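The values are calculated or read from the model by the stated rules, or taken from the named source; none is laboratory data. Small disclaimer: the values here were computed from a predicted structure and weren't measured. Cβ: placed from backbone, ideal geometry, glycine included. Neighbour counts: every protein chain shown.
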Amino acid sequence: MTDNGPLITILDDSREIRDMLSVALEDAGFETMCFGRATEFERELRRLTPAVCIVDLGLPDKDGLALVNHLAMETSASIIIISGRSMVQEKIVGLELGADDYITKPFESAEVVARVRAIIRRNSPKATTLQDSTVQFSGWTVHFDKMSLTDPEGKDLNLSFAEAQLLRIFLDAPNRLISRNQMIETLGGGSEGNFERAMDVRVSRLRTKLKDDPQNPKIIKTIYGAGYIFIGNPK
C-alpha cells in the first residue's frame, strides 16, 4: 500500500492476482488495498472511501454479483468486475447490477490500469457544474452538495460524481431527448472507443439507485437507437 493517489481496492481470492494488480496500480501512482474475502472487505469498507473497487465474482464467502449490487447502491465508488465468466449474459448482468466495467480473465495488468485510469478520468469533476444543491422529482430528492439521494421512504443513498453529473444533465432537460453524443460532449468524453457503452452503463447504474424499471420506466425512458428522456418531473 502506498499513499500517492486515489485508493483502489482489490477483492480476489487469488493472492497472485492481488499482488500482480497491486504492484501495477501502485507503479501507476495509485494507492491500493487488497482483500481475499468479501467479509473482510466489507468490514474495512466502513472506514474507506475507494475511488474504484475491483471485484472478482468467484468469491469463497459471498456471491460476487450480490456484492457488486450492494456496492453500487451503498457507495460512491466505481466498480470493475474481473471474472473468468466470459458469457455475454454474465457481463450484461454485472453491468446492469451496477458495475462500470467488466474484464474477463486472463488479462494483462496493464489493461486493468488503463481501465482504472479511464474511469477516474471520466469521473473527474471538470465538465458539469452541480448547481442547485437540492432538487425534487418523482418523490425523490437529490442533494448535490452532499452527493446523495433521498428515496420516497426517506432513506439516503450515496451518489458518485459520475451519477450526479448524469442526473444533473437529465434534470436540466426534462421531457427532452438527450442523445449519447450530447452526454459525451457535456461530460467531456475522451477518445476511448467504449465511451458510448460507458454512458449506457452509467444510466443503468443511476436507474438501479432510482429503482426505475427500464421495462416500465417512471423516471428515465430509453429511446432505442437515439438516447434517453427524463420523465421524472423535477420541482
> Does region 65-80 hold any residues that are closer than 14 Å to ALA162 by Cβ and in contact (Cβ under 8 Å) with a residue 40 or more places away in the chain, and which are they?
Replying inline: ALA72, THR75, SER76, ALA77, SER78
>> Within region 76-182, considering only helices (runs of 4 or more DSSP H) that don't extend past its boundaries, which have at least 1 residues that are under 19 Å from the mean Cα position of the chain (by Cα), under 24 Å from GLU16 (Cβ atoms) and not hydrophobic (A, V, I, L, M, F, W, C)?
In response: 88-96, 109-123
> Which condition does MET73 not pass, out of (1) surrounded by 18 or more Cβ atoms within 10 Å (Cβ to Cβ); (2) of a type in the set (A, V, I, L, M, F, W, C); (3) at pLDDT below 90, if it passes all the others?
Replying inline: (1)
> Out of the residues in region 132-162 that are modelled with pLDDT of 85 or more and of a type in the set (Asp, Glu), which is farthest from SER78 (Cα to Cα)?
Replying inline: GLU153
> Restricting the search to region 10-24, which residues are hydroxyl-bearing (Ser, Thr, Tyr) and either surrounded by fewer than 19 Cβ atoms within 10 Å (Cβ to Cβ) or not assigned by TED's automatic domain parsing to the domain that holds LEU48 (or both)?
Replying inline: SER14
> Cβ-Cβ below 8 Å, separation at least six or inter-chain, first residue in region 142-167 and under 15 Å from THR49 (Cβ atoms), second small (Gly, Ala, Ser) and assigned to a helix (DSSP H, G or I): which pairs?
Replying inline: MET147/ALA164
> So how many residues does region 50-70 have that are modelled with pLDDT of 95 or more and of a type in the set (D, E, K, R)?
Replying inline: 1
